[in-house]
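Single-structure report; data block below.
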Amino acid sequence: MKRGRHESLEEVHGTIETSGKKSAWKRLLAFLGPAYLVSVGYMDPGNWATDIAGGSQFGYKLIWVLLMSNIMALLLQSLCARLGVVRGRDLAQASREAYNPFVNFVLYILAEIAIVACDLAEVIGMAIGLYLLFGLPMIWGVSITALDTFLLLFLLNKGMRKMEVFIIGLIFIIGASFVIEMFFAQPNMGDLMAGFIPSIPNSTALYIAIGIIGATVMPHNLYLHSSLVQSRKIERTKKGIKQALKYNLIDSAIALNLAFFVNAAILILAAAVFYKNGLYEVAEIQDAHKLLEGLLGTKIAPAFFAIALIAAGQSSTLTGTLAGQIVMEGHLNLRIQPWVRRLITRLLAIIPALFTVIYFGESGTGKLLVLSQVVLSLQLGFAIIPLIHFVSSKKLMGDFRIKWPLRIASWLVTLIIVILNAKLVYDEIVSWLTTVANPIYIWVFVVPVAFGAAVLLVYITFKSTVNAGKFQNRKMVPHILDAKVDELAQPLSYKKIAVSVDFSTADEKSISAALQLGGKDAAYTLIHIVETPGAIIYGEEIDDFETESDEAFLNTYKKKLQEKGFNVSVELGFGSPKKSIPKIVNATEFDILVLGSHGHTGLKDLILGTTVDSVRHRVKIPVFIV
């Protein structure tokens, strides 16, 4: 685990050079990419479920919701890019600077719920795609989705550009598939154009419309975009920042309009094929696939439908993982290994998916998909409101804060989303209270949560406004220029040095390094931890052969070093080295700890080399790793 200040997605932060490009076209190409990774979240399987449900039940009537959602998305994603480029902070990091730890923890939990809901849609979408294309049972498809955990790590190791190319390739597959689908569907253009006139036929349409907004304007994409734009290395001048903002806006416009085309194509396909033929209840992706062949008279259409679904699920799952890493590191200032982060997110999504498939059958997955998108929409306000405050702050953004017209438009979008969500929550709670046999559970568990969410929404709405001047105004240049260079140049003096030994070949290097740091003027303490099962259980009370043997070895080291004129003492610990070494070190005023690294790589480092990383984050002094 890592704590402390770090760059957002530091594995790829500032890795793509944008300066030095001679032509405007080459400069634009250098910036193109982040919005495409964001856009895949706008065409994931969750979108498919809401689009198919909207198109089959209401024809083209809800296509205006897609257009409105796309405009909202473009506005909000441009604000995220602005925050990342100008401030050099992602949305989660900015929130950590603005709010107290408790509020940040709650915001983190809400963001995690949104990411799990998103990942849930991708798990189900991938499983459905595998079932439709290869006949693989859904329960096996859901289980197999855990195996894509390491694909993201592989792509990140290859560099950000290669990952972007991979994602763009998947987007091309999705887009090409739906061009072919539209060719077979032949929609009615008159009815299609009439669908851009706003209307909400009934409460069911409102539920689906909110699901469409949640599926389109995704909370995790706001965190993701504010981080991904920082993968570009730009000139930290007014001109360089303005140029970066311009090219990122172009990137967002192209990518999100492509996403709008895909979503519109799905809804139009459902309207032209299902609604037109009186099939108003087609909300399941499986049913849509099954009916396409019969209604369009070709086997090609359903095949491309399944291929596009797999591509959408796979591309979205990669970006969802990145978002999970961003919110954890940003809100909590906590970093865990990426593969652990990926597994946690995926397992939290797989469990409800497996539960649904086992207990409700494959027919329940469509309802779960739509529900996951409504959950995403409910979380939007908690991400959008802080974002608007941050990019509107003169203290935080300087001359690059958004102007009043854009500020008003942003708050209008937020108001629409919050009011729609508030109505949905109120209607659902009232419905439960009147239909559930024992409503006491609703009053005890659901109503307090809804009330707490409303209080938090009000808090973050006004907290950032009144405290806008208290943001930490971090400089864009290193602070070393403010320090006294003469003081920094003084040689370090270590008088009390702790050395961890484990009676392996690494001890010689560790002790040698320690002696070079302190010479004969320093006092050395050799620390060894007895790791036997008995030592773990009984601690200092253990009295066995291995403890006696380890103590003898330790005293042998001490005697030989004392004969050379060094001031050496020994300390024996018991149990886990990860806990015992920091306990001994923190109990004494050492100047530095010397730890030996055993040179593990790959899987060996994962299994054997975890002590060094754990110890160095638990001690309060510098650590020298040999």
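Taking amide H atoms as placed 1.01 Å from N in the peptide plane, list the residues 5 or more away in sequence, or in a different chain, whose amide H sits under 5 Å from that of GLY573.
Under 5 Å from the amide H of GLY573 lie the amide H atoms of HIS528, ILE529, VAL530, each far enough along the sequence or on another chain.
For segment 227-238, what does the Karplus curve 6.51 cos²θ - 1.76 cosθ + 1.60, with θ = phi - 60°, yield as ³J(HN,Hα) per residue in whole Hz, taken in order and with x for Gly and Pro?
8, 4, 5, 7, 6, 8, 8, 10, 6, 7, 10, 4
Arrange the peptides 126-138, 396-408 so that the one whose residues have, on average, the most other Cβ atoms within 10 Å appears first.
126-138, 396-408
Based on the mean of other Cβ atoms within 10 Å per residue, sort peptides 85-95, 65-75 so the most packed one is first. Write down the numbers at each step before the final one.
On the way: 85-95: 24.9, 65-75: 21.4.
So the order, starting with the most tightly packed, is 85-95, 65-75.
Take peptides 203-213, 585-595 and line them up by average Cβ neighbours within 10 Å, highest first, as a rough protection proxy.
The peptides rank, most packed first, as 203-213, 585-595.
Please list, in order along segment 495-510, the HN-Hα scalar couplings obtained from phi with the Karplus expression 6.51 cos²θ - 1.76 cosθ + 1.60 (θ = phi - 60°), rounded to whole Hz, x for Gly and Pro.
9, 10, 10, 9, 10, 8, 10, 9, 6, 10, 5, 6, 5, 4, 5, 5
Would you pull out the residues with amide H under 5 Å of VAL568's amide H, same chain only if 5 or more places away, H placed 1.01 Å from N?
Amide H neighbours of VAL568, under 5 Å, 5+ apart: TYR524.
Please list, ordered by chain and number, the residues whose modelled amide H lies under 5 Å from the amide H of VAL594; skip anything fewer than 5 residues away on the same chain.
Amide H neighbours of VAL594, under 5 Å, 5+ apart: ALA498, VAL499, SER500, PHE624.
Which trypsin sites (Lys or Arg not before Pro) does segment 542-576 hold that lie in a coil by DSSP with at most 15 other beta carbons within 10 Å?
Details: sites: LYS558, LYS559, LYS560, LYS564; in loops: LYS564.
Answer in residue order: LYS564.
How many angstrom lie between the C-alpha centres of segment 214-248 and segment 67-114?
12
Once phi is turned into ³J(HN,Hα) by the Karplus curve 6.51 cos²θ - 1.76 cosθ + 1.60 with θ = phi - 60°, what whole-Hz value does each residue of segment 271-279 show in order, with x for glycine and proline?
These are the phi-based 3J(HN,Hα) values: 5, 6, 9, 8, 4, 4, 9, x, 9 Hz.
Quick note: the coordinates plus some simple rules give every number you see, no bench work behind them. Remember, it's a predicted structure, so these values are computed and weren't measured experimentally. Virtual Cβ from ideal backbone geometry, glycine too; neighbours counted across all protein chains shown.
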